[in-house]
Structures are given as C-alpha cells and as structure tokens.
1. Using θ = phi - 60° and the Karplus relation 6.51 cos²θ - 1.76 cosθ + 1.60, list the HN-Hα couplings for segment 135-150 in order, rounded to whole Hz, with x at every Gly or Pro.
2. Between segment 210-235 and segment 42-99, what's the alpha-carbon centroid distance in Å?
3. Multiply the residue separation of Asp345 and Glu142 by 0.36 nm, subtract the distance between their alpha-carbon atoms, and state the gained length in nm to one decimal.
4. How do Val330, Val301, Val105, Val225 rank when sorted from fewest to most other Cβ atoms within 10 Å of their own Cβ?
5. In deg cm²/dmol and to the nearest 500, what is the mean residue ellipticity at 222 nm of the chain if only DSSP H runs of at least 4 residues count, each as -39500 (n - 2.57), divided by the residue total?
6. Using 0.36 nm per residue, how much length does the chain from Lys327 to Glu224 gain when fully extended, once their Cα-Cα distance is taken away?
7. Per residue of segment 310-321, in order, report the coupling 6.51 cos²θ - 1.76 cosθ + 1.60 (Karplus, θ = phi - 60°) as ³J(HN,Hα) in whole Hz, putting x for Gly and Pro.
8. Using a 7 Å offset from the Cα along the Cα-to-Cβ direction at both Ala241 and Ser257, what is the distance between the two label points in nm, to one decimal?
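All of the numbers you see were taken from the coordinates with simple rules; none came from a lab. All figures in this text were calculated on a predicted structure; none of them were measured in a lab. Every residue, glycine among them, receives a Cβ derived from its backbone with ideal geometry; neighbour counts consider all protein chains shown.
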Amino acid sequence: MEQLNRRQVIPAVIAVCVIACALGFIWLKRLVARKRPAVYGRALRQAVGRGDLGQTEWWLRNGADPNLPAQSSGRLALEVAVVSTRINKREIVALLLDHGADPNVVIPDGRPLIASVILHLSPELVPLFAEAGTDFNQRDKEGRTVLHNAVDSHLRNAAVFAALLEAGADPNLQHKDGTTVLHQVAWQGLGQVSGRVEIMKTLIAHGADPNIKDNRGRTPLAGEVPARLVPLLVEAGSDLAVTDHDGLTPLAWVVQSGKMSKTAIAMIDKGADVNVEDKSGSTPLFWAATHGDVALAKALVAKGASVNHANQRGFTPLHNAAGNFHKETVAYLVAQGAKLDVRNDKGLTPSAYAKTRSDSLTPEKAARKKATSDCPEAPGSR
C-alpha cells in the first residue's frame, strides 16, 4: 500500500514542480521583459557617453529605445551624445536620429531638448537636427525660443547662431516680455562685447529687425547697450527717434541711467536728436547736468544742445547741475552761456536753487572762477 502511495505521490510532486518551474519561467520572462527597456536604455546611454559607435549601433539594432529617459536624471541618449560624448559625436548623433530619437522632445525642466544642449551644440550638428525635423522655433515654458536660450546661456559662438538661423530659427520671435533675441544680445550688460558683435552681425544679416518693441515699447537700442553695438544697430536701420511707452527715445533712456556716457555719445555721433524732450520737457543735457557728466554735456552741446532750455517746471540744465553740486558741470555750462537769472516754477534762479540745497556752490562762484582760469577739463565718463 505504501509503495502504491509513493507511485502516486512522486508523479504528482513532479507535476507540481514542472508547473512551478513553468510559472517561474513565465514570471521571470515577464520580469525581464519589463526590465529590459531600462537595462537596454542604460546600456545605450553608457555606450553613447563613451563615444562607442559600435556598441551604440548594436544596442539600437537590438531594440534599445533612444527616447527612454534615465530613471534618476531623466537624461536622454541624444542629450548625452551632444553634451558628454567626446569622440564620434557627429556619427553617434546621426545614428540616434536615424533610429528614431525625437529631436523635439521636451526635457523635465520644460525646455526643448535642442535648447537644453545649446552650449554644447557645434555648427556641424545643426544640419543633422534640421534633417530630422527639429523645430528650431519651439518655445520653452517661459516662452523662449532656441535662440533666446542660446543668448541666456551666454553662447558666444556666432557660427552656431548662423547654423541655427540657416536651419530656420526665426530671429524676430518675441519672448513673453516682448523681447527678441536682438534685444537680449544688446542688453547683456556693458562687458564681454567682442563675441556679441559677431552674433549681432549674424542676426542682422539673417533678418533680425532692430525696430521691434518689447512690452515696454523699447527697441534693442533703448537699453544697457555697449557703445560698440550702437553703430551696428543704427546702420541696420534702428530708429533713433522712436519712443517707448514713457515717451523716451533711446538717447533719452540712456542718459537718464547716468552710467552709459559712451553709449550716449555713440548715439549722438550717429545723429540722435540732442534736444529731444521727455514728458517733463527735459532734454538729454538736463540729465548730463544732473549726473555731472561733463564729457556727455560737451558732446551734446557740440551737436547743438540748448544750454538754456527750460523744462515744464522752469528748470534749466544749470539748475540741475547746481542743485546736485557738480562744480565742473556748472563751470562748463556757465562757460557755454548758461543764463544765471532764469527762474524755475518756484521763482528760484540756479544760484538760489543751489542755496536751498547747499551754500557750497553757486553759479556766480563758478563764473568768477572762469574769469580767471580756463574751464576745467572733462573728468571722463562716469
């Protein structure tokens, strides 16, 4: 009886084992199937990062998905290829694009992939992306195009800008604040000018419009623009007489800042109206006097700026210079014929106005000093 039971149990146990093994195999197969994309994707990205063209091709041929991001960083194989690959970069980028890598994918930070890799993009890669259908005018979540991102990233390679423009990037698309890429290049501060000159020339050569206004009504010329960029913008057709929403021309905006004397002089040299009035009736010479900028005052007067123009409150440039205690500016204006007896809306002459501010300087003192000595030299740009 026991022998019979064994004969019955053994087959049953074997059957159970077979079933268990089969189920385990099926489970393992499914597990591998679930894990394989991630494993293959990681292997592909590693091969790409090494610049291993052969391994990259092998993984792609065997089903690795180039559009599968890394689980931790979210990086894509195409992103790795442009940013990290040191050898065979062009060949690997072409291979990934040929195997379906999406050049228009948006990465987790909200930027199009092409914008995220812009600092590492070389001119010879741009045609590959263009052939793969890249939208070079795609915007990020802030409304910036690829060109905007290039400037924001302080890219100084004009050849990359040229390649992007030739591939269809539109230089006149506006950010949500109304600025174009030309605004951005012009307004990146007064330093690092050399690379920006070539970029601006490239943008203008590809149709960038220097008269597009931002949401404040300002063109690229009406901002913190280095003096070397002014001739480029003016020669490209930038209107020196256009006004923003505050009624300021580019020259009026620049002189009010008090820190861009060279830029203002560059505009004056290019024909900016030196007697243009702002909403208060003040001319650029008022602001030069306010800031004590003798060099700018000289440039304005040399081009015909009126030293005795009164604004809506009756102030003249001499009132402003005296009231702000700018001794050299007062002396220069007096030497140029500024009247000492003009009264403002409070009935104050420049001398009286200066006394209300301080007794340390009056135009009369400057006039007496002028009688015995030459007008002081300009102290230079502020």
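1. 8, 7, 10, 5, 9, 8, 5, 8, x, 8, 8, 4, 5, 4, 5, 4
2. First find each Cα centre; the distance between them is then 42 Å.
3. 68.3 nm
4. On the way: Val330 32, Val301 20, Val105 15, Val225 29.
Taking fewest neighbouring Cβ atoms as first place, the list is Val105, Val301, Val225, Val330.
5. My calculation for the chain gives -15000 deg cm²/dmol from helical runs alone.
6. Going from the current span to full extension adds 34.3 nm.
7. Result, ordered by residue: 9, 7, 5, 9, x, 6, 10, x, 5, 4, 5, 5 Hz.
8. 2.4 nm
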